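Engineer: One structure, as structure tokens, below. Some questions next.
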């Protein structure tokens, strides 16, 4: 057997899960889809004393649009989000990016909230959360709080969640009219983590970019939003000049790490190239009124 | 810590069985070692190679990334349910006739993915087939024949759908 010995609990209610987290503190790990945690257990890179499996908690299995927000419960599998036409309409960026997460066998089990809580800086969904301004709903025995995506990711594989908190829901704002969204990624193979990926949204009126959101995966210790590049898109004109300025801001400001897959310089280069590619795509979708529908 | 164990009811290929297993034991290992269903292969044990792919409630998943205790209350289907040596599943027949396997180690996982994929994509393009296979590593057959086998399998399955 690969994993180190652990105690296993599979509560059927959120309250029981919170009780377990409070009792076991940092020695406990939450098991959702397990598509990141199980490899870590099998490799013994993670050796928790206690696993709190939330897969039997039916009340966390909901995907609902409500007052301008898409609410994704902690047990919602990525495959559900990928297949649901309502997600494509409400948060097209999420629908597009989720297809880049692992492979279908992984997405059948992996959850959206699990991917966010795992907080891999090269992962797709954290970048999406930062790009759209998602909010994380954390619960502990003490109560619930909402954490904006930009404050949620604190470092590689680290979040603002405390050991007794459970990420029970992620809320994604529905795309407002006039916006177009796009997600592009370069990875070694389909389904691998991104060498670099960019999530973008632009709001276009009369052909001009009025507002923009840009977030990068694989370009730093957390998913990085680049307000300077967003400003360049908003203030530059004609569009070609704005694009050039935004790409140069991306290359100038991002500080990606080197690893066995790519050098820091190559990642910085990719960030520039992908910024142009993703903004053009988002712009076209905004103009076509297609939101984020796949071309 | 003492090894925590749990007695669970598993439903595999429509058959119920009761096993007592360490809670840390993966579904892949329980299928092979307790239920002696050795068609499911174990390669990387970290979700990369795809050899251990089985169905959980009809959808392909990695059995190395599931604890056996998590499968309780779900329907597990393994490659043993597809066909027999005398009556191959059409997808197995297509793999055989197109030389879609050589050593055969990765094949059970690929079959489970492909049968599920063809249910949803009865007439897939080559590109769709390649994307569907992306979650599987083959180190000896070569992917060309595997893609060809999937194309042939799709043709074999189509008329039956009417």
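Bear in mind these aren't lab numbers, they're just calculated from the coordinates by the rules spelled out. Bear in mind that the values here come from a model prediction, so they are computed numbers and not experimental data. In this analysis, Cβ positions are derived from the backbone assuming ideal geometry, glycine residues included, and neighbour counts consider all displayed protein chains.
Engineer: Ranked from highest to lowest mean number of other Cβ atoms within 10 Å per residue, what is the order of the peptides A:227-233, B:4-10?
Structural biologist: Answer by packing, highest mean first, reads A:227-233, B:4-10.
Engineer: Okay, moving on. Whole percent per 5 Å bin, from 0 to the bin with the longest distance: what is P(r) over all C-alpha pairs of segment B:106-162?
Structural biologist: Per 5 Å bin, starting at 0, the Cα pair percentages come out as 4, 19, 35, 25, 11, 4, 1, 0.
Engineer: Please report, to one decimal in angstroms, the Kirkwood hydrodynamic radius of segment A:207-247 built from all distinct Cα-Cα pairs. Write out the running numbers ahead of the final one.
Structural biologist: Values: mean 1/r = 0.0949 Å⁻¹.
Final number for the Kirkwood radius of segment A:207-247 is 10.5 Å.
Engineer: Where does the protein assembly as shown land at 222 nm, in deg cm²/dmol rounded to the nearest 500, when only DSSP H runs of n ≥ 4 count, each adding -39500 (n - 2.57), divided by all residues?
Structural biologist: -10000 deg cm²/dmol
Engineer: Going 7 Å from the Cα of residue A:4 toward and past its Cβ, which residues in segment A:20-54 have a backbone nitrogen under 12 Å from where you end up?
Structural biologist: Under cut-off, by backbone N: A:27-28, A:41-50.
Engineer: Now for a different question. Per the Kirkwood treatment, what hydrodynamic radius in Å, one decimal, follows for chain B from the mean inverse distance over all distinct Cα pairs? Let's see the in-between values first.
Structural biologist: Numbers: mean 1/r = 0.0617 Å⁻¹.
Computed over chain B, the radius equals 16.2 Å.
Engineer: If you don't mind, there's one more thing I want to ask. For segment A:58-173, count all C-alpha to C-alpha pairs, find those more than 18 Å apart, and express that count as a whole percent of the total.
Structural biologist: Working: 2956 of 6670 pairs.
So the portion of pairs separated by more than 18 Å is 44 percent.
Engineer: Hey, another quick one. What does the average come to when, for each residue of peptide B:68-76, you count the partner chain Cβ atoms lying within 10 Å of its Cβ?
Structural biologist: That average works out to 2.
Engineer: Among B:65, B:133, B:111, which one shows the highest mean-square fluctuation when chain B is modelled as a Gaussian network with alpha-carbon springs under 10 Å?
Structural biologist: B:65
Engineer: Continuing with this model, one more query. Relative to the longest principal axis of chain A, what angle (0 to 90°, nearest 10) does the C-alpha long axis of helix A:264-288 take?
Structural biologist: For A:264-288 against chain A, the angle is about 70 degrees.
Engineer: Where does each of A:175, A:59 land when they are ranked from fewest to most other beta-carbon atoms within 10 angstrom?
Structural biologist: Sorted ascending by nearby Cβ count, the order is A:59, A:175.
Engineer: I'd like the Kirkwood hydrodynamic radius of segment A:205-291, using the inverse of the mean 1/r over distinct C-alpha pairs, in Å.
Structural biologist: Computed over segment A:205-291, the radius equals 13.3 Å.
Engineer: What's the average, rounded to a whole number, of partner chain beta-carbon atoms within 10 Å of each residue's beta-carbon in B:134-140? Could the numbers behind the result be given before it?
Structural biologist: On the way: counts 7, 9, 2, 1, 0, 0, 0.
Across the residues of B:134-140, the mean count of other-chain Cβ atoms within 10 Å is 3.
Engineer: Next up: Any chance you could tell me what percent of the C-alpha pair distances in the protein assembly as shown go past 27 Å?
Structural biologist: Working: 58567 of 104196 pairs.
For the protein assembly as shown, the fraction of Cα-Cα distances above 27 Å is 56 percent.
Engineer: Okay, next question. Return the single residue from A:32, A:131, A:258 with maximal mean-square fluctuation; model: Gaussian network over chain A, springs between Cα atoms under 10 Å.
Structural biologist: Maximum fluctuation in the GNM of chain A, among the listed residues, is at A:258.
Engineer: Less than 19 Å from a label point 7 Å out along the Cα-to-Cβ axis of residue B:99: which backbone N atoms in segment B:122-162 qualify, by residue?
Structural biologist: B:138-153
Engineer: Distance from the Cα centre of segment B:67-137 to that of segment A:246-295, in angstrom?
Structural biologist: Between the Cα centre of segment B:67-137 and that of segment A:246-295, the gap is 36 Å.
Engineer: How many nm separate the modelled label positions at residue B:123 and residue B:158, each set 7 Å beyond the Cα in the direction of the Cβ?
Structural biologist: Here the modelled spin labels are 0.6 nm apart.
Engineer: Here is a further query. Using just the alpha carbons, could you tell me how many Å³ per residue the convex hull of segment A:7-53 encloses?
Structural biologist: Details: hull volume 3.0 nm³, N = 47.
Measuring per residue, one finds 63 Å³ for the Cα hull of segment A:7-53.
Engineer: Here is a further query. Could you give me the radius of gyration and the Dmax of segment A:3-88, taking only the C-alpha atoms into account and expressing both in angstrom?
Structural biologist: Gyration radius and largest Cα-Cα distance of segment A:3-88: 14.9, 45 Å.
Engineer: What order do you get for B:106, B:64 when you list them from fewest to most C-beta neighbours inside 10 Å?
Structural biologist: Taking fewest neighbouring Cβ atoms as first place, the list is B:106, B:64.
Engineer: Please list log₁₀ I(q)/I(0) at q = 0.22, 0.27 Å⁻¹ for segment B:5-81, using the Debye equation with identical point scatterers on the alpha-carbon positions.
Structural biologist: Taken in order of the listed q values, log10 I(q)/I(0) reads -0.93, -1.45.
Engineer: Round to the nearest 0.05 the FRET efficiency obtained for residue B:140 and residue A:66 when R0 = 45 Å and r is the Cβ-Cβ distance.
Structural biologist: About 0.30, to the nearest 0.05.
Engineer: If you don't mind, there's one more thing I want to ask. Most exposed first by the Cβ proxy, i.e. fewest other Cβ within 10 Å, how do B:97, B:80, B:120 rank? Each step should come with its number before you reach the end.
Structural biologist: Numbers: B:97 14, B:80 18, B:120 11.
Exposure proxy ranking, most exposed first: B:120, B:97, B:80.
Engineer: What percentages, rounded to whole numbers, describe P(r) for segment A:109-236 computed over all alpha carbon pairs with 10 Å bin width beginning at zero?
Structural biologist: Answer for segment A:109-236: a P(r) of 13, 41, 32, 13, 2, 0 percent.
Engineer: Tell me the label-point distance for the pair residue B:1, residue B:16, using the 7 Å Cα-to-Cβ offset, in nm and rounded to one decimal.
Structural biologist: Output for this residue pair reads 3.1 nm.
Engineer: Which log10 I(q)/I(0) values does segment A:90-150 give at q = 0.18, 0.20, 0.26, 0.29 Å⁻¹ under the Debye formula, counting every alpha carbon as one identical point scatterer?
Structural biologist: One equal scatterer on each Cα of segment A:90-150 leads to -0.67, -0.80, -1.16, -1.31.
Engineer: Also, quick follow-up: Just to be sure I understand the model, the point goes 7 Å from the Cα along the line to the Cβ. What's the resulting residue A:288 to residue A:240 distance in nm?
Structural biologist: For residue A:288 paired with residue A:240, the spin-label model returns 2.3 nm.
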